[in-house]
Amino acid sequence: NVTITGTYLNWVDRITFSRDKTVTTFVSKTQTQLVVKIPDDAETGPLILHYTGTDSNFVQTSDTLKVTLPVTTGLSPNPIKHQTNLTITGTNLDLAKQILFNGVSAPVTTFVSQSATQIVVKIPAATKKGKVTLVAASGVQSVSTMDLDIILPTITTMSPNPVDPNTNLTVTGTNLDLVTSVSFV
């Protein structure tokens with residue numbers, strides 16, 4: 001809720017937030033005080049108070065309403081394997097509605113768990129190294145300051161080398177359980 005104080009606020013019949021988000025229902029309204037619930041998709045900006053009475057009109061606030069956004073302060077584990085759970089720590093994370101991962105076209109909207117200080121989310125298979133972006137209901141994005149590193153398979157040896165066609169090749173390395181296909185050039 002946001003509380004607006006002034007005079008003749010009982011004449012206000014609607015409030016417009018940034019990007020034309022209009023509210024017509026109030027928590028309380030008196031001549032000197034107006035309490036309104038901020039919509040989930042509200043953005044930072046001035047408010048426009050529309051009023052009725054002998055001279056219907058509107059007035060814009062001189063103050064800017066600052067809407068809180070989710071902020072990432074940590075990613076764990078980092079680096080991480082695809083298709084495992086990432087724990088994002090921060091503030092106001094309960095306001096995040098979507099998470100964008102580098103290399104993934106669709107936003108993640110389903111979380112393992114979510115609270116004001118932590119989100120646990122399964123990393124999509126196509127995720128690449130890069131920033132993690134939290135998206136609020138308003139569509140405003142909050143980008144992490146740190147990169148999420150992805151664990152990739154590493155080859156240490158191949159034997160026999162050279163190898164004859166149509167014979168077995170043994171590949172040794174780390175995180176080879178992540179390999180989904182092998183290509184020969």
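The values are calculated or read from the model by the stated rules, or taken from the named source; none is laboratory data. Given the structure is predicted, the values throughout are model-derived calculations rather than measurements. Positions of Cβ are generated from backbone atoms using ideal geometry, with glycine treated the same way; all protein chains shown enter the neighbour counts. Just so you know, the surface numbers come from the protein's heavy atoms only, side chains and all, with ligands and any DNA or RNA stripped out. Shrake-Rupley method; radii C 1.70, N 1.55, O 1.52, S 1.80 Å.
Mind checking which residues of region 1-35 are open to solvent by 50 Å² or more (accessible area, probe 1.4 Å), among the hydroxyl-bearing types (Ser, Thr, Tyr), touching a residue at least 24 places away in the same chain (Cβ under 8 Å) and outside any strand (DSSP E or B)?
Residues satisfying the conditions are 7, 8, 32.
Could you check region 41-64 and list, in sequence order, the residues that are of a type in the set (A, V, I, L, M, F, W, C) and under 21 Å from residue 31 (Cα atoms)?
47, 48, 49, 58, 59
For residues in region 80-99 being touching a residue at least 60 places away in the same chain (Cβ under 8 Å) and assigned to a loop (DSSP other than H, G, I, E, B), which is least open to solvent (accessible area, probe 1.4 Å)?
Once the filter is applied, the top-ranked residue is 82.
Look at residue 73 and say whether it is in a strand (DSSP E or B) and either open to solvent by 70 Å² or more (accessible area, probe 1.4 Å) or touching a Cys at 6+ places or on another chain (Cβ under 7 Å) (or both).
yes
Six or more apart or on different chains, Cβ under 6 Å: which pairs go from a residue in region 147-167 that's more than 30 Å from residue 100 (Cβ to Cβ) to one that's surrounded by 10 or more Cβ atoms within 10 Å (Cβ to Cβ) and among the hydroxyl-bearing types (Ser, Thr, Tyr)? Could you list them?
If the second residue must be surrounded by 10 or more Cβ atoms within 10 Å (Cβ to Cβ) and among the hydroxyl-bearing types (Ser, Thr, Tyr), the pairs left are 156/172; 157/172; 159/170.
Of (1) open to solvent by 70 Å² or more (accessible area, probe 1.4 Å); (2) farther than 25 Å from residue 42 by Cα, residue 147 satisfies all except one. Which?
All conditions pass for residue 147, except number (1).
For residue 110, only one of the following conditions fails: (1) of a type outside the set (Phe, Trp, Tyr); (2) open to solvent by 70 Å² or more (accessible area, probe 1.4 Å); (3) at pLDDT below 95; (4) not in a strand (DSSP E or B). What is its number?
(3)
Please pick out the residue among 55, 20, 63 that is more than 27 Å from residue 140 (Cα to Cα), out of contact with any Phe, Trp or Tyr (no Cβ under 9 Å at 6 or more places or on another chain) and modelled with pLDDT under 90.
55
Considering only region 59-79, state which residues are without any contact (Cβ under 8 Å) to a residue 40 or more places away in the chain and hydrophobic (A, V, I, L, M, F, W, C).
If the condition is that a residue be without any contact (Cβ under 8 Å) to a residue 40 or more places away in the chain and hydrophobic (A, V, I, L, M, F, W, C), then 59 is the only one that fits.
Please give the number of the condition residue 120 fails out of (1) surrounded by fewer than 16 Cβ atoms within 10 Å (Cβ to Cβ); (2) in a loop (DSSP other than H, G, I, E, B).
(2)
Of the residues that sit in region 36-57 and are open to solvent by 60 Å² or more (accessible area, probe 1.4 Å), of a type outside the set (Val, Ile, Thr) and free of Cβ contacts under 8 Å to residues at least 40 places away in the same chain, which one is farthest from residue 11 (Cα to Cα)?
Among them, the one singled out is 37.
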